[in-house]
Structures are given as C-alpha cells and as structure tokens.
Amino acid sequence: QVQLVESGGGLVQAGGSLRLSCGASGRTFSSYAMGWFRQAPGKERGFVARISRNGIRTYYADSVKGRFTISRDNAKNTVYLQMNSLKPEDTAVYYCAADQSQTGLTRESAFDYWGQGTQVTVSS
C-alpha cells in the first residue's frame, strides 16, 4: 500500500521549465519502480517516464526524450520529473504511479498505485 501525491504543476510559457514532485507514504518506497504518465483532454493517458527501484535504469517516451528527466530520492520517498524546453503539446494532467510487481513495463496496466494528478499548462 502506498499513497502518492503530485505537486509542482502550473502555468509556463513555451520553452520554459517545471519540476514535478511526487511524495509517497509508507516505508516501502524503495521497493517500487516509479513512473510518470500524462493525459491531455480528449486523449488516453500515456506513458512519459519510468525509473527503477534504485534509480539506475530509466526509460522515456520518444516525445520527451532529451527534454525530461526522471529521478528519485528514496531517503525522501520522492520521485521527480524535470521538464525542460516545454511545448504547448506537453499540456496535460501529469500522474505519478508505482509498480509493486517490478514488471519493467511502461504500459499503464503495469502500475498498481496512482496519484490524483497535477495540471501542467504550456502557453504558446
């Protein structure tokens, strides 16, 4: 069982940066792989980034590769998403998710726990 709460969303101009944070409850945070997903109006929720339990392995969607960086601090029970060179098409609700089974997959069904999301809006 883990409770996830996202923060750091907001309004930003194209080309700007934001850093999202996801805080987790409990003492088992380091046993979960973590991921970020996003959902824009009228679209299905899609994969953004995934990070392994120890933070060594990361995986990104092609659309954000080179612009976004996922990281984690297990001592703080927190996972981050640094977003640079933001584009209007990055506008979405961003969700933090935890994978307790360590499947290594990026599909939404691989993740067991979800936060409530934080809105990111990028203006042109």
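Within segment 96-124, if we keep just the residues that are aromatic (Phe, Trp, Tyr) and open to solvent by 40 Å² or more (accessible area, probe 1.4 Å), the residue that is nearest to residue 33 (Cα to Cα) turns out to be 113. Each residue in segment 101-124 was checked for being under 30 Å from residue 13 (Cα atoms) and assigned to a strand (DSSP E or B), and 7 of them qualify.
Here segment 57-74 is the region considered, the condition is being part of a strand (DSSP E or B) and under 13 Å from the mean Cα position of the chain (by Cα), and the residue that is surrounded by the most Cβ atoms within 10 Å (Cβ to Cβ) is 72. I'd like the residue in segment 1-31 that is hydroxyl-bearing (Ser, Thr, Tyr) and over 12 Å from the mean Cα position of the chain (by Cα) and, out of all such residues, is modelled with the highest pLDDT. In this case the residue turns out to be 17. Taken over segment 37-56, residues that are under 19 Å from residue 75 (Cβ atoms) and either exposed (fewer than 15 other Cβ atoms within 10 Å of the Cβ) or small (Gly, Ala, Ser) (or both) amount to 4.
Regarding segment 79-89, can at least one residue be identified that is more than 17 Å from residue 113 (Cβ to Cβ), open to solvent by 30 Å² or more (accessible area, probe 1.4 Å), without any contact (Cβ under 8 Å) to a residue 60 or more places away in the chain and not in a strand (DSSP E or B)? Yes: one or more hits.
Checked against the criteria, residue 98 counts as part of a strand (DSSP E or B) and farther than 23 Å from residue 15 by Cα. For segment 106-119, the count of residues that are acidic (Asp, Glu) and over 18 Å from residue 5 (Cα atoms) is zero. If you go through segment 90-124 and keep only what is over 15 Å from residue 61 (Cβ atoms), free of Cβ contacts under 8 Å to residues at least 60 places away in the same chain and of a type in the set (Asp, Glu), you end up with just 112.
The values are calculated or read from the model by the stated rules, or taken from the named source; none is laboratory data. Quantities reported herein were computed from a predicted structural model and do not represent experimental measurements. Here the Cβ is made from the backbone with ideal geometry for all residues, glycine too, and neighbour counts use every protein chain on show. The accessibility values were calculated without ligands, DNA or RNA, using every heavy atom of the protein model including side chains. Shrake-Rupley method; radii C 1.70, N 1.55, O 1.52, S 1.80 Å.
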